[in-house]
Amino acid sequence: MVENEKFTLDGVVTFGQPMVAHKQLADYLDKLLLGRYAHFVNEADIAPRVPPNYSPCGSLVWFKGDGIKRSRPKRPLMGAAAGVGTSNNEEEIVPLSRQEFENAKGRVRDEHAQPERLPDGRVILKGNSPFILDHSMSLYIERIRKLLGSGKGS
């Protein structure tokens, strides 16, 4: 849409986005969006590391511990607060290997192999798997509020 239909795009910001492109397409998107693409990752969220053999797009903003780590921006983001809670370490998310991916799928399958049931046989739904708890949007919002200094009550 940006290239063919001349659609104006101010930028792209994602939270917990899986890898969506092979390296060549990821590089193309980074070039096309000229530093206007940021992907936020929460601590140990596994979703941004799948599927195997794909590449991340945009600049990484990785919530870790009490601050954030960032990849080298493709180009400075307009209006971004430089250095707020960030480290100078350049980071990048590494995709799961094919074996790590298969192991992860097996753990999720095992967690749901024998679900708890009510006396009438209905499955008891318990929410997210403990395996993907860091993928919760509420955790992303909490980290952003903390980073901006607004706390949980804003």
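The values are calculated or read from the model by the stated rules, or taken from the named source; none is laboratory data. Because the structure is predicted, anything quoted here is derived from the model rather than measured. Cβ coordinates were reconstructed from backbone atoms using ideal geometry, including for glycine residues, and neighbour counts include every protein chain displayed.
Residues that are closer than 30 Å to L32 by Cβ, surrounded by 10 or more Cβ atoms within 10 Å (Cβ to Cβ) and either under 21 Å from the mean Cα position of the chain (by Cα) or at pLDDT below 70 (or both) do not occur anywhere in region 103-117. Applying a threshold of 9 Å to beta carbon distances and a minimum spacing of six or more residues, or different chains, the list of pairs starting in region 134-148 at a residue that is more than 21 Å from R49 (Cα to Cα) and loosely packed, with under 14 Cβ neighbours inside 10 Å and ending at one that is at pLDDT below 85 and not aliphatic (A, V, I, L, M) reads L148/G85; L148/S154. Residue check: is F40 among the hydrophobic types (A, V, I, L, M, F, W, C) and either surrounded by 13 or more Cβ atoms within 10 Å (Cβ to Cβ) or under 25 Å from R107 (Cβ atoms) (or both)? The answer is yes for F40. K69 satisfies every condition listed in (1) buried (at least 18 other Cβ atoms within 10 Å of the Cβ); (2) in contact with a helix residue (DSSP H, G or I) (Cβ under 9 Å, 6 or more places away or on another chain) except (2). Restricted to region 1-97, the set of strands (runs of 3 or more DSSP E) holding at least 1 residues that are modelled with pLDDT under 80 comprises 67-70, 86-90.
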